[in-house]
């Protein structure tokens, strides 16, 4: 009987712990976007690794698919340089979170609005690693399109 209770306790603890880690990962993404929308480059920087990789998948004018890489400093400068009177919002539509130990993947479909008007949609894929008890984004890649959006 004690063995059964012990197994039930361990299972319940692991489920609660997994839910807690899922919430911590989601909170990291949400906090990153809170800083993004506030154009707070210091805040955004606090949620990413110093060696973060930022990429976008897209088509050029000839229709060829390519990958565009942006440095963290260029990304932060681009967000900070948007005039304060210009509104923009990336609306995350869902979170698909997978965690294995100290590594997590988050898949977030989104709609992007610029000056209150729909601009484009796509999906973000984030890779995170838990270092010293804190989830950090180490890789961001996204897609961008104007058609096929929900």
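The values are calculated or read from the model by the stated rules, or taken from the named source; none is laboratory data. All values reported here derive from a predicted model rather than from experimental measurement. No Cβ is skipped: glycine too gets one built from the backbone with ideal geometry, and neighbour counts run over all protein chains shown.
Summary of values
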item	result
Residue match in region 46-57 (condition: in a helix (DSSP H, G or I) and out of contact with any helix residue (DSSP H, G or I) (no Cβ under 7 Å at 6 or more places or on another chain))	no
Qualifying residue in region 118-138 (condition: over 14 Å from the mean Cα position of the chain (by Cα), over 23 Å from residue 46 (Cβ atoms) and part of a loop (DSSP other than H, G, I, E, B))	no
Some residue of region 2-13 being surrounded by 10 or more Cβ atoms within 10 Å (Cβ to Cβ) and at pLDDT 95 or above	no
Criterion (closer than 19 Å to residue 29 by Cα and more than 14 Å from the chain's Cα centre (by Cα)) met by exactly one of 102, 60	102
Residue count for region 84-108, restricted to those that are under 17 Å from residue 36 (Cα atoms), assigned to a strand (DSSP E or B) and without any contact (Cβ under 8 Å) to a residue 24 or more places away in the chain	1
